[in-house]
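First, the structure itself, so that you have it in front of you.
FYI, it's all coordinate maths here, none of it is from the lab. Keep in mind it's a predicted model, so treat the numbers as computed, not measured. Neighbour counts run over all protein chains shown; Cβ positions are idealised from the backbone, glycine included.
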Amino acid sequence: MKRSTFSTVVKGALSAIALCSTLGFTAHAAYPEKAIELVVPFPPGGTADSSARALAKDMGELLGQPIVVVNQGGAGTLIGTNAVARAKPDGYTLLWMTIPFSINHTLYPDRSYDTFKSFQPIIDVVSVPLVLTVNVKTPVHNVDEFIKWAKSDSAPLRFGSSGNGGSTHLAPVMLGSMANVEFTHVPYKGSAPSMQDLMGGQTDFIMDTAFLVTPQAQEGGRLRILAQSGSQRSSFLPDVPTLQESGFDGYEVTSWFSMAAPAGIPQEALAKLNQAANDALKGPALNQLLTSQGLTVVGGTVEASEKHLAAEVEKWAKAIKESGATAN
């Protein structure tokens, strides 16, 4: 081959490569090719944090890349949620979506993100009822005695929560509304410090998850569980009555944890994350770990998670308006 001919062939090949690159015909690395960040909008130590870490560990092993949990608590979960809303929708920044996400739709109308347009639900992970809990030194042993105590006390009972606008805030507000009694809200930056102050006598009661409370409510513990908030008794607490059984017909609050991503996440990443989460939840070790903590494993499709979020937003919008609850 003549030198000029050879040069022409080489130039033609290089031009073809450049054209393919320009048109986007490049090698595509399979997702994920680096670590994934899972933002938990709560401080470390509570049920949301521990369940997120457990799932992240097993999902990371299935995906071949670690899922790193980053705690960004505060402002009723808005700080962490805003951070994810602003993140690039490439599948490498995820949100541990919890019940405050659906509550904040109504409670914070001026929030900087759109509940439905800024996020893509991936999967519903677990659900859990809350438990009405008092200090073991408190002279009440059931819901009836609790309400009588609340109505007879000279000052409103003080309840702690994990922060403004969460289920641990609004569940007691709803109970007070139904019982025609007022409580004083004391918000904390997370469930763990809220429980610590209840044990220390700084507050009168809390409504938080069984996973958090039960270790301190066993024989010889410092807390006493009076009732649970689900429509049916949890298998984790078969001897604890529901608030419905205790005279509050229609009362039902179930906390839940889901996974979401910024809207616009590539379909490949969305599908892989949903599949990895479902596979991880079916693993015997993780399933046992979650259920032993009072959590009910859910799992399922992206579409089911989308429908669940819409239903929760509608439910809490009604509850907030009826109860008159505010973010303060």
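Using the charge dipole of segment 129-228 (Lys, Arg: +1 at Cβ; Asp, Glu: -1 at Cβ; taken about the Cα centre), state which of VAL181, ASN142, ILE225 has its Cα farthest towards the positive end.
ILE225
Specify the residue with the greatest mean-square fluctuation among GLY247, GLY165, GLY80, computed from a Gaussian network of the chain linking alpha-carbon atoms under 10 Å apart.
GLY247
Which loop-located trypsin sites (Lys or Arg not before Pro) does segment 110-178 contain, where loop means any DSSP state but H, G, I, E or B and the Cβ has at most 16 other Cβ atoms within 10 Å?
When the trypsin sites (Lys or Arg not before Pro) of segment 110-178 are filtered for loop state and at most 16 Cβ neighbours within 10 Å, LYS117, LYS137 remain.
Dipole of the chain, Cα-centred, from +1 at each Lys and Arg C-beta and -1 at each Asp and Glu C-beta, to the nearest 20 debye?
Taking the Cα centre of the chain as origin, the dipole is about 1240 debye.
Put +1 on the Cβ of each Lys and Arg and -1 on the Cβ of each Asp and Glu in the chain; which of ASN104, ALA317, SER161 then has its Cα farthest toward the positive end of the dipole?
Of the candidates, ASN104 comes out farthest on the positive side.
Let me ask something else about it. Past the 31 Å Cα-Cα mark, which pairs from LYS189/LYS315; LYS189/LYS272; LYS88/LYS321?
As for pairs spanning more than 31 Å Cα to Cα, those are LYS189/LYS272; LYS88/LYS321.
Once the Cα atoms of helix 167-179 and of the chain are each reduced to a long axis, what angle between those two axes, in degrees from 0 to 90 to the nearest 10, is obtained?
30 degrees
Calculate how steeply helix 191-200 sits against the longest principal axis of the alpha-carbon atoms of the chain, using the helix alpha-carbon long axis, and give the answer as 0 to 90 degrees to the nearest 10.
Value to nearest ten degrees: 20.
Which aspartates and glutamates, on any chain, are close to LYS34 with Cα under 19 Å apart, when same-chain ones fewer than 8 places away are left out?
Answer for LYS34, where 19 Å is the Cα cut-off: ASP58, GLU61, ASP90, GLU268, listed by chain and number.
Let's see if you can work this out: charge +1 on each Lys and Arg Cβ, -1 on each Asp and Glu Cβ, no other charges. What is the dipole magnitude of segment 129-228 about its Cα centre, in debye to the nearest 20? Kindly include the intermediate steps, with their values, before the conclusion.
Values: 7 positive and 8 negative charges, 22 e Å.
For segment 129-228, the charge dipole is close to 100 debye.
If you average the C-alpha positions of segment 195-237 and of segment 40-61 separately, how far apart do those two centres end up, in angstrom?
Taking the Cα centre of each part, segment 195-237 and segment 40-61 sit 21 Å apart.
Moving to a separate point now. Consider the candidate values [x] 5, 22, 29, 24, 14, 5, 1, 0; [y] 5, 20, 22, 18, 15, 11, 6, 1, 0; [z] 6, 25, 30, 19, 9, 4, 3, 2, 1, 1, 0; state which one is P(r) over Cα pairs in 10 Å bins from 0, in percent computed from the structure displayed.
Here P(r) over Cα pairs in 10 Å bins from 0, in percent agrees with entry [z].
Here's a follow-up. How far is helix 47-63 tilted, in degrees, relative to the longest principal axis of the Cα atoms in the chain, given as a value from 0 to 90 rounded to the nearest 10?
30 degrees
Only four residue types carry charge here, +1 at the Cβ of Lys and Arg and -1 at the Cβ of Asp and Glu. Report the dipole size of segment 262-328 about the Cα centre in Debye, rounded to the nearest 20.
Its charge dipole is roughly 140 debye.
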